[in-house]
Amino acid sequence: MGPAFAEAMKQSPIYEAYSRVAPRVEDWPVLVDKMGTMLRQDYDWSAEVEKITAPVMLVYGDADSVWPAHIAEFYALLGGGLRDANWDGSARPVARLAILPSHTHYDILSPDLVNAVIPFLDAASLEPPAPMGQ
């Protein structure tokens, strides 16, 4: 992704949102170039993720660029997907995972996102955070 890709990206939902709020719409190629620079950098947040104590919900689109294996690894770092929750849910992880069908990061801001996230936010606001993995 670089400035040359900016023109093609003008057909995307992200450009539509950008053009509504950007103070300088003509800087779109600059933003696309900076996003490309960021995406080319290698990163590994696993050490930081394991230190999170607040309830976390990961939300992905099933038609996006994040591989399912990476989603599972990230969720596991938060204590999710490592065991059965027991018949009574007592071993349910604090972290939650939602994979929204037929969505990408371009169109994930949808009623599907709201329906997935609101119950998590409501529950998280009522409970103090539990230690990781419990």
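Are there any GluC sites (Glu not before Pro) in segment 27-134 that are in a DSSP loop and have at most 14 other Cβ atoms within 10 Å? List them by number.
E50
With axes computed from alpha carbons, what is the tilt in degrees of helix 111-126 against the longest principal axis of the chain, rounded to the nearest 10 within 0 to 90?
Roughly 50 degrees, rounded to the nearest 10.
Collect residues whose amide H, placed 1.01 Å from N in the peptide plane, falls under 5 Å from the amide H of L58; neighbours closer than 5 in sequence don't count.
Result for L58 returns R96, L97, A98.
Which residue, L78, L109, L100, tops the fluctuation ranking in a GNM of the chain built on C-alpha contacts under 10 Å?
Among L78, L109, L100, the largest mean-square fluctuation in the Gaussian network model of the chain belongs to L109.
In square angstrom, what is the accessible area per residue of the chain with a 1.4 angstrom probe?
Roughly 70 Å² per residue, with all protein chains present.
If we count every other residue with Cβ under 13 angstrom of G81's Cβ, Lys/Arg +1 and Asp/Glu -1, where does the sum land?
Local net charge: +1.
For segment 16-65, which semi-axes, largest first and in whole Å, follow from the square roots of 5 times the eigenvalues of its Cα gyration tensor?
29, 16, 13
Once neighbouring chains are kept in place and the probe is 1.4 Å, which whole percent of the accessible area of the chain is contributed by carbon and sulfur?
60
How long is the gain from A69 to M35 if the chain were fully straight, where each residue apart is worth 0.36 nm and the alpha carbon distance is subtracted?
Extra length available between A69 and M35 comes to 9.9 nm.
Per DSSP H run of n ≥ 4, the term is -39500 (n - 2.57); total these for the chain, divide by its residue number, and report the mean residue ellipticity at 222 nm rounded to 500 deg cm²/dmol.
Taken over the chain, the calculation gives -11500 deg cm²/dmol.
Between segment 7-27 and segment 84-116, what is the C-alpha centre distance in whole Å?
What the calculation gives is 29 Å, centre to centre.
Which one is right for this structure if Rg and Dmax of the Cα atoms in Å is calculated from it: (1) 15.8, 62; (2) 14.9, 44; (3) 18.0, 56?
(3)
Counting other Cβ atoms within 10 Å, which trypsin sites (Lys or Arg not before Pro) in segment 28-114 have at most 12 and lie in a DSSP loop?
In loop regions of segment 28-114 (DSSP not H, G, I, E or B), the sparsely surrounded trypsin sites (Lys or Arg not before Pro) are R40, K51, R83.
The values are calculated or read from the model by the stated rules, or taken from the named source; none is laboratory data. Note that the structure is a prediction, hence the values are computed from the model and not measured. Glycine also receives a Cβ, built like all others from the backbone with ideal geometry; neighbour counts cover every protein chain displayed. Note: accessible area is taken over every heavy atom of the protein model, side chains too, but ligands, DNA and RNA are not part of it. Shrake-Rupley method; radii C 1.70, N 1.55, O 1.52, S 1.80 Å.
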